[in-house]
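Values quoted throughout were computed directly from the atomic coordinates according to the rules given, and no laboratory measurement underlies them. Treat the numbers as computed from the prediction; the structure is a model and nothing was measured. Cβ coordinates were reconstructed from backbone atoms using ideal geometry, including for glycine residues, and neighbour counts include every protein chain displayed.
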Amino acid sequence: MRLAAWGRSLRFRLAIAGLALLAIVFVIAFFGVSYLFERHVERRVATELELHLDQIIAGLEPGRAGGLRLARDPVDPRFARPLSGLYWQVEQGEATLRSRSLWDGALDLPQLEPGAIAVRSAASPGGRPLILVGRAIIGGQRLGNEPIRAAVALDRSDIDRAVAAFRADMIPYFIGFAILLVTANLLQIHVGLAPLSVLRARIAEIGAGGRQRMGSDYPSEIQPLTDEVDALLASRGEQLQRARRQAADLAHGLKTPLQALAGDVEHLRAAGQEKIARDIGQSIAAMQRHIDHQLARARMANRALDGFSRIQPVVMQVLAVIERTPRGQLLEWNLEIEEDLAARLDAEDLAEVLGNLLENASRYAETAVTVAARALGAVLEIIVRDDGPGIPEGRFDEVLGRGGRIDTSSGGAGLGLAIVDEIVRASGGEISIANAAPGLAVTITLPRADSRRRVL
């Protein structure tokens, strides 16, 4: 999973691509510079060999017994040291002059055009590669009329050693340059991807309610994306507003008939029809709760993008109301709430959730109710626990269903925990119910936000 996550990272992909490209460039540069240096050394060597060749040709003179001889030996002592790696040779017809460094060997001179200087590869008497500079001249009457071929050659091992030394000198500089370029590449990636961090922070602020739109201060490559997100948010906001208005219109349309029915209930009570009046009154109350529930859902959907509430103040607000009820005055209320806990849920929706939970707990508790809240990473957990009789095993799902009730003696439509479940799930949380031996524990988890209105 970790490797898969790295593989999805733009930073990782850009870094790997940059490193691969730099590696290819450095390999090409290393061998390319080495080749250029080698060619440069060869040209320098060829120039020096050409100077030696000019000295040798200038020193040629007729021999006493005919043929040619060298009036002055070349000044470089390597010509006199056997197999030193620096050689010269002159040929005219069958006569051959050569340096002592060739010992009893000879160079294989190429065919040359008179007057032209040629640089060739050749082999030494021992088979080692040489770089050879040769020239052909017409000696004239003083040196005979036959063409003269002269050449000077140097063992290529000297060039190879110079290139190897140059490469060894280049390696530390290339390593330092590579480190510099890799650092620059990583810095470039960091600077280039910095707008994505801003983008992520803006989205988090929208989710936490800190802002409504992404804005327009982004690079031109990202701006089309943020424009689309803003357009989507605007469309979502309009849809939610329309849904709220439709729910409000529906509720308003039902209020007048309900008020008329309530008037009829009073008339029935005045006429002595108490049982019928009570039944109709309960139906009216159930319909009113349905209306209030739908309005709460519409309000919650509209606040889905900017919900935020601190846990402790909302608990205290709800508890202040319940403690004034007859049952609430008889119970002991224990609070175990961590400070500065905040949920990604609107305060009114959280109050509706806690109001239903605390009301149910107060109804069934024997002596005490405990409200606990704690942080669990990116979520928070709220537990409402009473010491009442609990719920029979196998009937937990029943109480979360719309209209589901275990105790029907108190009347009502049984929407309390169903509303709690819908609000909690709509906010991205979960609800669970378990017997606490004694009593019942209702646990809800909600997305957590910090006290600065930032989603964690």
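Structural remarks
- Of the trypsin sites (Lys or Arg not before Pro) found in the stretch 118-182, those that fall in a DSSP loop while having at most 13 other beta-carbon atoms within 10 Å are ARG142.
- Inter-label distance, ALA285 to ARG11: 5.9 nm, where each label sits 7 Å from its Cα along the C-beta direction.
- Theoretical gain in end-to-end length, ALA194 to LEU330 [0.36 nm per residue, Cα-Cα removed]: 43.1 nm
- FRET efficiency for PHE26 and ILE337, using Cβ-Cβ distance with R0 set to 35 Å, rounded to 0.05: 0.05
- At R0 = 60 Å, FRET efficiency that the Cβ-Cβ distance of SER34 and GLN241 yields, to 0.05: 0.25
- Fraction of alpha-carbon pairs over 22 Å apart in the stretch 14-161 - percent: 46 percent
- Inter-label distance for ALA378 and ALA234, nm, one decimal - labels placed 7 Å from Cα along Cα-to-Cβ: 3.0 nm
- Point-charge dipole on Cβ atoms (K/R +1, D/E -1) for the stretch 40-83, about Cα centre, debye to 20: 180 debye
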